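Engineer: One structure follows; several queries about it will come next.
The values are calculated or read from the model by the stated rules, or taken from the named source; none is laboratory data. Quantities reported herein were computed from a predicted structural model and do not represent experimental measurements. Neighbour counts run over all protein chains shown; Cβ positions are idealised from the backbone, glycine included.
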Amino acid sequence: MRFIINEHSIEADVDVRTSLLDLLRDHLGLTGTKKGCNQGACGACTVLVDGERINSCLALAVQYQDREILTIEGLGTIGDLHPLQAAFIEYDGFQCGYCTPGQICSAVAMIGEIRRGLPSALTEDLALEQIGFSEDEIRERMSGNLCRCGAYNGIIEAIRATYAEESAQEREAAA
Amino acid sequence: MKFDTPATTNPIDRLKVVGKATDRIEGPLKTTGTAPYAYERHDAVADPAYGYIVGAGIAKGRIVSMDLAAARAAPGVIAIVTAANAGKLGKGKFNTAKLLGGPEVDHYHQAIALVVAGTFEQARAAAALVHVHYARTRGNFDLAAAKSSAQPPKAGGIGGKPDTAVGDFAGAFAQAPVSLDATYTTPVHSHAMMEPHASIASWNGDQLTIYTSNQMINWSKGDVAATLGIPAEKVRLISPYIGGGFGGKLFVRADAIMAALGAKAAGRPVKVTLQRPLMFNNTTHRPATIQRIRIGAGQDGRITAIGHEGWSGDLPGGGPETAVNQTRLLYAGPNRMTATRLAVLDLPEGNAMRAPGEAPGLMALEIAIDEMAEKLGMDPVRFRILNDTQVDPEQPSREFSQRQLVECLRLGAERFGWDKRVAKPGSVRDGRWLIGMGVAAGIRNNLLMKSAARVRLDSHGIVTVETDMTDIGTGTYTIIAQTAAETMGLPLDSVIVKLGDSSFPASAGSGGQWGANNSTAGVYAACMTLRDKVAQALGLNAADVDFADGQVRSGNRSIALGDAARSGELVAEDGIEYGDLDKTYQQSTFAGHFVEAAVDAATGEIRIRRMLAVCAAGRILNPKAARSQVIGAMTMGVGAALMEELAVDTRFGFFVNHDLAGYEVPVHADIPHQEVIFLDEEDPISSPMKAKGVGELGLCGVGAAVANAVYNATGVRVRDYPITLDKHLGRLPTLT
Ligand code: FES
Ligand code: FES
């Protein structure tokens, strides 16, 4: 089977029962994606597929051949952190760190969802092209990612700070 | 280093590094997914086989037969371990039930077999083919039903005495002009840490190495040895990163023992993780409690009598949830009593979860205090302040080393806008929402445990700290680096910290909020010994040497620290041990918790709007991580107040909602802005660090503050946690 993971093409021969999560963790050594429940209830296993977030524990690897898979390892590295990774450190958006890669991947995709105008349960005007980036919107949209350490406040601050900076830069670039 | 007299000025007091809000030094590893957790050690163990645990399908009884033929014949299966072929096993000092059951079954989902196969999928599929025939026997699963059979547990240990009495409680309570007699219940809670228990075991001859996820390396090394019947020197545990514990990883659990047995049987390394739906019944939990509280007071609001009785249950040989203990210390009052009773239940093993005792105890006590204040027509902040004590109420000659509860409550009230609270419940509306404010006090003791470390200095002036201490998300890596940097006069990035390896000196470990103070004190002790060695190596007089800016200075000489190790690494090993300062003084930490809640007037839905904690907990070593500890604990407190409950099937004896979909914990949308204030405090009686702990304090009282806020919003008093909307919906104020 052929997979495209973090822009690399990778061949792997795995059981058809192997989840995308176990492919990453057990077969490819990409252990940044975490297994919190293996049942779709915690979000620790969140990765991006073609830019959208999924629970990789609920995905069979065999079905994700030739799709663009992005994991935490592809987002940034220790020497070259993604701005959101840096913000998680600055705002202490984690404690034990086990939910963290899932939170970060989920947040990256969530920003995309907001930018594309996808509404959440909280969005009052479904016709809006520009959905607000309020704390409540982010909380609602991140609620599939559990953090038992309770780092929620720091996570929200990190996401807000990163997004605010990014949109300020974009506005500057546009002007 | 023996610490038996209060600390005076020492190198930590410079506070160049300690006490500063500092990013976690392991942050880049954790945010990039490169911190290696137990199940992920491809770097250390190549090509392990996979083990999958089969849990017992009954709560109590015997395994009559086990048919393993189909599982053995399944593709990829290498070995199957059961009690029948595992050899003689012992039981760890810290375990109540055996970690491998059979033929007797002690509790539901007790491990009874491990299937080892070449891949995870093969092991899982084969495990499903194990057929077990059980003979089920009746058990006791219902705490309320077993309450009348409960007995005083044996005295001693952290639990204290089963009965305490001072003055004439019964007489004073009977005569009190204002009194309360109420019963509260708290349900079973689960740690539900995000990383499931996991281990990779590897044998090299008779030497066993287990990469695992464990809070207490030294305890657990001993318990692995005791369970397997091998000498402790033959066991090495390695646990540098831990995906949360909250008490659930204080002890050796089935993953470690089954991985070791599986690896022996398979003749190759084996990795085992507890599957999430197994964890809730297989591992430990915070036991449910029933608590009766009686308080009597004069019309002036002074408590004259206070009594707290607590009931909980556990397996035979287990211990109680010590829910009454804080009531011995929190408020004044001449006539007092507490009683702890333990019933035998055949549910899974109860044990410590974050702030054991105080967490459920304060959930009850601090509602009772709110109820008393209302009966007296007194503001609940004022009522608490009026009944403050600066001495141990049972032994008035014994003072608290520090006690700033009143300051926590005063400052909290001011910052939270408590003066806007309307005392009459159900009287504030904001659109469809009923609004209320609640307060509770928090107390959690400071426990002293000996703790050791080794420090190495190299010729580049880099100091490496080695200790078996663990970082369970608490920020240990960073505070240990801060401590070593401060003591050696180095910048933070000149310190390397290595943790969680049983080949390092034994530390206090992570539990009971004792980790920060004790483990850093141990590192401080080792660094002070290293300073002597440095002075000696440089031919300086240790008494007048100054360590600062990477230099060692004496008189007008200034030498780079690394020069002391020019002819070879300098190594020092030392630790902290304590005298009796925790006996002569009561050492505790305090908090005032404030909560604003909104309740939907029509549906009864509860939302938390704001939270504030004001904490007095000694010197705060890293305010950034300490704040995270407290807000994380406040989050867990919201869970305990509003949603967390392992539901007991009292017919078959198991927790029904045994996964993360059924056991609800707070999510992002449940948690509003949280504020934390640390009072300026140094406690020279606690250790040379003058620190205490905050990780459990942050939880102590939160549940009751939420409950009191909900009551203030609705006027409906719920005394059975969690406060789910069905418990007050029928009694909400009529809609106008
Ligand atoms: S591991 Fe996939 S959602 Fe929990
Ligand atoms: S940081 Fe531990 S679960 Fe989120």
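Engineer: Here is a list: A:GLU113, A:GLU140, A:GLU73. Which entry is surrounded by fewer than 20 Cβ atoms within 10 Å (Cβ to Cβ), facing another protein chain (nearest Cβ under 7 Å), outside any loop (DSSP other than H, G, I, E, B) and more than 16 Å from ligand 1 (Cβ to nearest atom)? Write out each step before concluding.
Structural biologist: Details: A:GLU113 fails: facing another protein chain (nearest Cβ under 7 Å); A:GLU73 fails: surrounded by fewer than 20 Cβ atoms within 10 Å (Cβ to Cβ).
When all the criteria are applied, what remains is A:GLU140.
Engineer: Find the residue count for region B:245-270, including only residues that are part of a loop (DSSP other than H, G, I, E, B), away from ligand 2 (no atom under 16 Å from the Cβ) and of a type outside the set (A, V, I, L, M).
Structural biologist: 5
Engineer: Does A:ASP26 satisfy being surrounded by fewer than 22 Cβ atoms within 10 Å (Cβ to Cβ) and more than 16 Å from ligand 2 (Cβ to nearest atom)? I'd like the intermediate steps shown before the answer.
Structural biologist: Numbers: surrounded by fewer than 22 Cβ atoms within 10 Å (Cβ to Cβ): no; more than 16 Å from ligand 2 (Cβ to nearest atom): yes.
The answer is no for A:ASP26.
Engineer: While we're on this one: Return the total of residues in region B:592-614 being over 16 Å from B:ALA704 (Cβ atoms) and in a strand (DSSP E or B). Steps first, answer last, please.
Structural biologist: Here is the first cut: in region B:592-614, the residues over 16 Å from B:ALA704 (Cβ atoms) are B:598-605, B:607, B:609-610.
This time we only want the ones that are in a strand (DSSP E or B), so: B:598-600, B:607, B:609-610.
Adding up the residues that qualify gives 6.
Engineer: Then there's this: If you check B:ALA21 against the conditions, is it of a type outside the set (Phe, Trp, Tyr), in a loop (DSSP other than H, G, I, E, B) and more than 10 Å from chain A (Cβ to nearest Cβ)?
Structural biologist: Taking the combined requirement at face value, the residue does not satisfy it.
Engineer: Can you tell me which residue is nearest to the chain's Cα centre (by Cα) among those in region B:648-669 that are in contact (Cβ under 8 Å) with a residue 60 or more places away in the chain and under 30 Å from B:LEU612 (Cα atoms)?
Structural biologist: B:VAL665
Yes or no, residue by residue, for (1) of a type outside the set (Asp, Glu); (2) touching a strand residue (DSSP E or B) at 6+ places or on another chain (Cβ under 6 Å):
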{"residue": "A:ASP15", "(1), (2)": "no, no"}
{"residue": "A:LEU21", "(1), (2)": "yes, no"}
{"residue": "A:LEU24", "(1), (2)": "yes, no"}
{"residue": "A:GLY36", "(1), (2)": "yes, no"}
{"residue": "A:ALA44", "(1), (2)": "yes, no"}
{"residue": "A:CYS57", "(1), (2)": "yes, yes"}
{"residue": "A:LEU70", "(1), (2)": "yes, yes"}
{"residue": "A:GLN95", "(1), (2)": "yes, no"}
{"residue": "A:ILE114", "(1), (2)": "yes, no"}
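Engineer: Also, I was wondering about something else. Looking at B:ASP493, B:ASP468, which one is surrounded by fewer than 23 Cβ atoms within 10 Å (Cβ to Cβ) and either acidic (Asp, Glu) or more than 30 Å from the chain's Cα centre (by Cα) (or both)?
Structural biologist: Within the list B:ASP493, B:ASP468, the selection yields B:ASP493.
Engineer: Among the residues of region A:12-21, are any without any contact (Cβ under 8 Å) to a residue 40 or more places away in the chain and facing chain B (nearest Cβ under 9 Å)?
Structural biologist: Yes.
Engineer: Continuing with the same structure: All but one of (1) within 14 Å of chain A (Cβ to nearest Cβ); (2) β-branched (Val, Ile, Thr); (3) not in a loop (DSSP other than H, G, I, E, B) hold for B:ILE242; state the number of the condition that does not hold.
Structural biologist: Unmet condition: (3).
Residues are listed down the side, and each one gets a yes or a no for (1) part of a loop (DSSP other than H, G, I, E, B); (2) within 16 Å of ligand 2 (Cβ to nearest atom); (3) under 15 Å from the mean Cα position of the chain (by Cα); (4) closer than 17 Å to B:THR273 by Cα:
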site: A:GLN39; (1), (2), (3), (4): yes, no, no, yes
site: A:ALA44; (1), (2), (3), (4): yes, yes, yes, yes
site: A:LEU48; (1), (2), (3), (4): no, no, yes, no
site: A:GLN63; (1), (2), (3), (4): no, no, no, no
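Engineer: Moving on to the next point. Every residue in region B:69-91 that is under 17 Å from B:LEU261 (Cα atoms) and part of a loop (DSSP other than H, G, I, E, B), please.
Structural biologist: B:ALA83, B:ALA84, B:ASN85, B:ALA86, B:GLY87, B:LYS88, B:LEU89, B:GLY90, B:LYS91
Engineer: Next up: Suppose we filter B:ILE58, B:ILE158 for residues that are closer than 30 Å to B:THR340 by Cα, at pLDDT below 95, among the β-branched types (Val, Ile, Thr) and in a loop (DSSP other than H, G, I, E, B); which single one remains?
Structural biologist: B:ILE158 is the lone residue from the list that is closer than 30 Å to B:THR340 by Cα, at pLDDT below 95, among the β-branched types (Val, Ile, Thr) and in a loop (DSSP other than H, G, I, E, B).
Engineer: Quick check on region A:145-162. Is at least one of its residues more than 12 Å from B:ILE671 (Cβ to Cβ), free of Cβ contacts under 8 Å to residues at least 40 places away in the same chain and either within 12 Å of another protein chain (Cβ to nearest Cβ) or charged (D, E, K, R) (or both)?
Structural biologist: So far as region A:145-162 goes, yes, one or more of its residues are more than 12 Å from B:ILE671 (Cβ to Cβ), free of Cβ contacts under 8 Å to residues at least 40 places away in the same chain and either within 12 Å of another protein chain (Cβ to nearest Cβ) or charged (D, E, K, R) (or both).
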